[in-house]
Amino acid sequence: MRWEGDTLAAVPRWQVIVLSGITVWLYWSILAHLVGQWWHDPNFSHGFLVPLFSAYVIWQQRDTLARLPLRPSWTGLAIAALAMCTLLVGQLGAELFLSRSSLLILLAGLIVLFCGWSYFRALLFPWAFLILMIPIPAIIFNQITFPLQLLASRVASVALPLMGVPVLREGNVINLPAMPLEVAEACSGIRSLMTLVAIAIVYGYLMEKRIWVRWVLALASVPVAVAANSVRIIGTGLLVQYWDPDKAEGYFHASWGWIIFVISLMMIYALHSLFNVGLRKADTGIPTDRPRNVGLNTGVFRKWRPSDRMSRSMTRFLPVAVLLIATAVFLQGRTRGETFPPRQPLQSFPLQVGSWQGTDLAIPEESLQILGPGDYMLRAYDNQETPQPPVNLFIAYVPSQRAGDTIHSPKNCLPGHGWSPVQSGRVMLSTSSHAPFPVNRYIVGRGEARQLVLYWYWAHNRGVASEYWAKYYLVADSIRTNRSDGSLVRLMTDMTPGETADTAMQRILPFADQVLPLMNDFIPR
């Protein structure tokens, strides 16, 4: 094969090795943490499959890539610079998703810089598929899980009575005659959903030539996963009612997950079979994005010779190498020794707050596992002067969020355990010790019972209601002060029959006015 024009800018092997080494050095801790999350978190265990499949697709296309003309573009350097900016913000701002995503941006920049946009277009599918190996941010993950829990519980509460099982649903709790069945976060179906989407894309690529059918199979994996998870909940309910509740909640509950996942794969296969039977088969020619001819003579990694005009490659290699090395050196010096200001543990928070006397309440072990590492306190405070329902105070403090240990939003867990949102909104909390700031106000109900809930995110003597604004301030404060600590404060009280939210609010406000000045000793400014 004869190489002409810009193909002389192909990357010498030693430059590929050097850039690969610098990239591994730069992203080593990020990649190690990512692989660790794949290994320990079942929600993202499909991550091992993703880079292997992308590598297979590139290997399969190697002959086509070898025939593409190389037209390096300097816009790739700008993309690589964007990747480094994203990495810096992610590392210094304690945002794992940005740090991990920057690697994909960098790969795109390097491809464009050394090979050109035609190469990137040819590699777009395997590059885009790599996005699935990055766990979605917790702030989005938590927004998905609870709606899936509610959907599964609704479907089960409709289907079970048709099979002779009377049920009473309260939020995500299905009350059966034998026992209550709670659709917990692990039963939301998010685990099978994310894995099934990835496998449906792989299956579509390997088994189908029609692009639109591939899209249909990938999109169909979402309702298939939801339907299969609903079958799992219904099956568990039937086992509880007609067999043995202990066994249904034990071995069979765990094994149901694998069984339902296999059923999901069978449903994807059945859907694909319907397309093959009901529609005329497309042309059996080889699609442009799945070449079958293979070869080993790729222009990108061909052996370098002195006649290859080394200067063309070096003018691109040197600036990007300097950019990566400078970023790595900066991060090595900047990210050492995160600042942890002195503070008192939450367990030493005063039991007596004005006329309010506190009593410690136990936090369930399953809740602590969801909350993750941190310092937590849950207390019920009774007003000694006026007989009225107590005010529950919950404080969650996370000293560092750099490793992904973020604050769990109450918006996703408040409606759990049978409680459902009745009313939600935001109000301004005004106290004598602090300027007014917004807080979330929820009314949740379970049967005839009602609770008023106020919660907000608190860090550095600043309160915000939005978890997105809390994330923004986390990134900004982490860059500015090298601190990624933060907290959540929640106040809750039972509403008496006929009591309005405004009346219950007047019970909480005096307590909040006395609690807020104490915060800075336990949640550093």
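The values are calculated or read from the model by the stated rules, or taken from the named source; none is laboratory data. A quick note: this is a predicted structure, and the numbers were derived from the prediction, not measured. Here the Cβ positions follow ideal geometry from the backbone for every residue, glycine too, while neighbour counts run over all protein chains shown.
Is it true that Gly116 is among the small types (Gly, Ala, Ser), at positive phi and either free of Cβ contacts under 8 Å to residues at least 12 places away in the same chain or in the same structural domain as Ile234 (by TED's automatic domain parsing) (or both)? Considered against the rule, which asks whether it is among the small types (Gly, Ala, Ser), at positive phi and either free of Cβ contacts under 8 Å to residues at least 12 places away in the same chain or in the same structural domain as Ile234 (by TED's automatic domain parsing) (or both), Gly116 comes out as no.
Residue selection: Arg480 fails the criterion of being part of a strand (DSSP E or B) and surrounded by fewer than 20 Cβ atoms within 10 Å (Cβ to Cβ).
Of the candidates Arg280, Arg232, the single residue that is at pLDDT 75 or above and either assigned to a helix (DSSP H, G or I) or of a type outside the set (Val, Ile, Thr) (or both) is Arg232. Taking the numbered list (1) surrounded by 13 or more Cβ atoms within 10 Å (Cβ to Cβ); (2) without any contact (Cβ under 8 Å) to a residue 24 or more places away in the chain in turn, Glu365 passes all entries but (1).
Of the residues Leu509, Leu488, Leu454, the single one that is under 23 Å from the mean Cα position of the chain (by Cα), hydrophobic (A, V, I, L, M, F, W, C) and outside any loop (DSSP other than H, G, I, E, B) is Leu488. Among the residues making up segment 142-166, those that are surrounded by fewer than 19 Cβ atoms within 10 Å (Cβ to Cβ) and either assigned by TED's automatic domain parsing to the domain that holds Ala94 or over 16 Å from Ser409 (Cβ atoms) (or both) are Leu151, Arg154, Val155, Val158, Ala159, Pro161, Leu162, Met163, Gly164, Pro166. Among the residues of segment 475-508, which ones are among the aliphatic types (A, V, I, L, M) and touching a strand residue (DSSP E or B) at 6+ places or on another chain (Cβ under 8 Å)? Within segment 475-508, Leu488, Val489, Leu491, Met492, Met495, Ala501, Ala504, Met505, Ile508 meet the criteria. The single residue among Gly76, Gly47 that is part of a helix (DSSP H, G or I), small (Gly, Ala, Ser), in contact (Cβ under 8 Å) with a residue 24 or more places away in the chain and more than 18 Å from Pro319 (Cβ to Cβ) turns out to be Gly47. In segment 65-81, the count of residues that are closer than 27 Å to Ala200 by Cβ and not acidic (Asp, Glu) is one or more.
Being surrounded by 16 or more Cβ atoms within 10 Å (Cβ to Cβ) and at pLDDT 85 or above is a property that holds for Arg490.
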